[in-house]
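Read through the structure below, which is laid out as structure tokens, and then see the notes.
Just so you know, all these numbers are worked out from the coordinates, no wet-lab data involved. As the structure is a computational prediction, the values presented were derived from the model and not from experiment. Cβ atoms come from the backbone with ideal geometry, glycine included; neighbour counts cover every protein chain shown.
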Ligand SMILES: Nc1nc2c(c(=O)[nH]1)N[C@H]1C(S)=C(S)[C@@H](COP(=O)(O)OP(=O)(O)OC[C@H]3O[C@@H](n4cnc5c(=O)[nH]c(N)nc54)[C@H](O)[C@@H]3O)O[C@H]1N2
Ligand SMILES: Nc1nc2c(c(=O)[nH]1)N[C@H]1C(S)=C(S)[C@@H](COP(=O)(O)OP(=O)(O)OC[C@H]3O[C@@H](n4cnc5c(=O)[nH]c(N)nc54)[C@H](O)[C@@H]3O)O[C@H]1N2
Ligand SMILES: [Mo]
């Protein structure tokens, strides 16, 4: 999030795209409803389903799944046509506006209606509401990301906010509500296959930086790999790891995957779960580190599996990062109970057994404080160095001194600091950055310009036009020595820059000059290293609109896409809709979490939502001859199927089926419940929605496209 949940209280309007906050982020609703009631802020909700959030909306926009980029570019089109864009913001702080505007030109409200199903008048009305009620807070969640063009869709959200001049302002921003309580922290620490911690990438320079932080020889690290080239190559992703086992798709690795450790993963969260199950049975070794056995234990039918019971968050302590970039300290409530161990202990035993404990624990004497310190020392890119365990704990102890409206402590031991020292928190004296890219505050007091990351000048291929990528004259944080754009800081310590200077002299010098270590640049609307430099619409791989496939085809097939080939073009069959006529989309309910191992094992939550179901529009059900509560088969183009109860509701339209994805225990009509170790089966089980989610992955991130597949439905 560029802003914070609390800051949404200052919005003058709010737009939510593919977010269902009352179910998935109920705590945020206090701030959202505050803006609605106190500021009279209109709320726009863009979702294929009339959700609980839509019930609070002043304008509910029903959209066909996977078409959000077209809608966003349509809004930008209308805003520019009416001269509502923030011209000064664009002139001084945005790059590639002209190139982007040329693309937006083609997304007329009529064309938007054709692609998305949103009536022309509604696109016009929404554009006007946003233009007349600034700043707008824009939120997106999984409805915006889990598509083959998810990365373009999310960029189009950012472009809308740049065009309206809503970035770097209280009440504005792009506010992506993150998933698990510490998922922001786990991304920052890069539990990802394409980067080292803090988004350093996989280059030699990145490895050398982290080896210096960890205090190990770079050559020793190289020696851990079969060959050096594997250090620099993206790994398999969680969404397709099983392809490395099954090898029915071409893989780009010297060996198939033979062992898998699932550490806090519910497993039926993976799309194409029938294939995941096949991979389990083929592995030499499968390890589950989890407080619950999870569906993995029931689904795996070979004896290759080990269950390591880990403790819950209440039985351990450490730092976690919230969706608002705030760091908090978890206090242990009790020691691990029964025969479980906490994750640190399990990691330590594993590291010792593997024989590199000396290197692994070089800087870590006191767990978990020293882990937080070590990560912070290296994570200069995102400013994790000012949040020491001592400071974080002080914030937790002085909760009551922070203001709910701007998160700043008013008096007391944390006076002037922002709650949780939201990153970047550049030094141990820095108060944290509550709003990213806000030039109204000095850098030392939590202000920032846009980061200089992509050079200082760009010539665009199509037009030959050159543009300065640094911010214009007159855009700077109060007290800045340079009163306009400037590049990132480097060579303060020769041979280093602000990201690699572990002495932190570079960062401190920049701040002493009133400047941002990462420079003062423009936000770009054109990403020249992406296949679509400006976001455009492309039809989902499995599209219900054969006529639009011709006009908006998907990408070319990708080789070696995170070590496995990925089909795009060759998967997009215009005939598919004939046999699979309904759009399949999935998501969450408030009572259950993720794959559901925890919440389905909780008797109270299990009682509240005991059954898997499919949302079906009553008109469609009548056409299919299905009554409310009757069983139906839902089949996917991949040949898998699930048997679930029909829940008749007008939340969905007549072309769309919605499935919650929290259930498991039954796969394609067959129960695996008795496979759980004795006494550990959850209270409730059901078919897993991910048995029928379709093939399809984002071109950049390989996130699974679980929100825009096709299916067919028959009475069971
Ligand atoms: N109770 C509960 N809370 C949770 C979780 C949980 O499992 N249970 N999970 C956590 C995690 S990991 C995450 S990532 C977040 C996710 O939070 P959300 O993303 O808000 O949750 P979802 O229900 O997956 O998706 C949100 C909405 O996207 C809509 N949608 C589907 N397709 C499209 C589309 O193409 N366009 C648009 N505009 N909308 C679409 C769905 O109908 C749905 O209402 O929630 C977190 N919070
Ligand atoms: N169809 C469909 N599929 C989806 C999505 C969707 O919208 N639709 N959303 C996707 C998204 S955004 C996400 S994030 C994933 C989530 O997918 P998962 O991460 O698989 O979901 P969870 O069930 O939350 O998994 C967390 C596991 O961690 C365990 N756990 C809890 N605390 C601890 C701990 O302290 N230590 C350890 N070791 N384990 C612990 C829990 O028991 C649980 O089994 O699902 C994805 N899959
Ligand atoms: Mo998530």
| field | Sorted largest first, extent of segment 607-716 alpha carbons per principal axis (Å) | value | 44, 41, 26
| request: Using only the alpha carbons, work out the radius of gyration and Dmax of segment 59-128 in angstrom. | output: 12.4, 36
| request: Please give the residues of segment 587-616, grouped as numeric ranges, whose backbone N is less than 16 Å from a label point set 7 Å along the Cα-to-Cβ vector of residue 680. | output: 596-602
| query | For segment 232-330, how big is the tail of P(r) above 15 Å, as a whole percent of Cα pairs? | reply | 66
| field | the chain, helix-only ellipticity at 222 nm - DSSP H runs n ≥ 4, -39,500 (n - 2.57), divided by all residues, nearest 500 | value | -7000 deg cm²/dmol
| What's the FRET efficiency of residue 199 with residue 227 using the Cβ-Cβ distance as r and R₀ = 22 Å, to the nearest 0.05? | 0.30
| message | If you average 1/r across every pair of different Cα atoms in segment 68-219 and take the reciprocal, what Kirkwood value do you get, in Å? | response | 17.6
| query | Between rounded, prolate and oblate, where does segment 324-396 land on the alpha carbon gyration tensor, with a ≥ b ≥ c its root eigenvalues, rounded for a/c under 1.5, else prolate if a/b exceeds b/c? | reply | oblate
| task | From the P(r) of segment 1-95, can you give the percent of Cα pairs sitting at distances over 15 Å? | result | 67
| remark: Percent antiparallel among DSSP beta bridges confined to the chain, rounded to 5, stands at 45
| field | Cα pair distances in segment 113-171, grouped into 10 Å bins until the bin that holds the longest one, percent each | value | 20, 45, 33, 2
| task | Tell me the label-point distance for the pair residue 529, residue 565, using the 7 Å Cα-to-Cβ offset, in nm and rounded to one decimal. | result | 2.7
| remark: Going from the fewest other Cβ atoms within 10 Å to the most, one would list 37, 650 as 37, 650
| said: Sort 689-697, 397-405, 664-672, 202-210 by the packing proxy (mean of other Cβ within 10 Å over each peptide's residues), most packed first. | reply: 689-697, 664-672, 202-210, 397-405
| message | Modelling each spin label as a point 7 Å along the Cα-to-Cβ direction, I'd like the residue 82/residue 622 distance in nm, to one decimal. | response | 3.7
| remark: Length gained, residue 59-residue 482, 0.36 nm per residue minus C-alpha separation, equals 147.9 nm
| said: So if the hydrodynamic radius of segment 272-349 is defined as the Kirkwood radius over C-alpha pairs, what does Stokes-Einstein give as its diffusion coefficient at 4 °C and 1.567 mPa s, in µm² per second? | reply: 89
| query | Tell me, what are the semi-axes, in whole angstrom and largest first, of the equivalent ellipsoid of segment 210-265 as set by the roots of 5 times the Cα gyration tensor eigenvalues? | reply | 26, 15, 9
| request: Report, in cubic angstrom per residue, the convex hull volume of the C-alpha atoms of the chain. | output: 159
| remark: Sorted largest first, the Cα spans of segment 512-628 on the principal axes come out in Å as 65, 47, 31
| request: Go ahead and collect, in residue order, the members of segment 307-328 whose backbone nitrogen is under 18 Å from a label point 7 Å along the Cα-Cβ direction of residue 603. | output: none
| query | In what sequence, highest mean first, do 177-190, 88-101 appear when ranked by Cβ atoms within 10 angstrom? | reply | 88-101, 177-190
| remark: Ordered by fewest other Cβ atoms within 10 Å, a rough proxy for footprinting exposure, 711, 340 read 340, 711
| message | For the ranges 385-392, 569-576, what's the packing order if you count other beta-carbon atoms within 10 Å of each residue, average per peptide, and put the highest first? | response | 385-392, 569-576
| task | Can you work out the PRE-style zone for residue 128? Point 7 Å along Cα to Cβ, and I want the residues of segment 61-90 with backbone N under 19 Å. | result | 61-62, 72, 74-86
| Given the Cα-Cα distance of residue 503 and residue 352 and 0.36 nm per residue of separation, how much length would full extension add, in nm? | 51.3 nm
| field | Radius of gyration, Dmax [segment 35-86; alpha carbons; angstrom] | value | 13.1, 34
| remark: In nm, the gap between the two label points placed 7 Å beyond Cα toward Cβ at residue 362 and residue 247 is 3.7
| message | Given a Förster distance of 41 Å, report the FRET efficiency between residue 187 and residue 575 from their Cβ-Cβ distance, rounded to the nearest 0.05. | response | 0.60
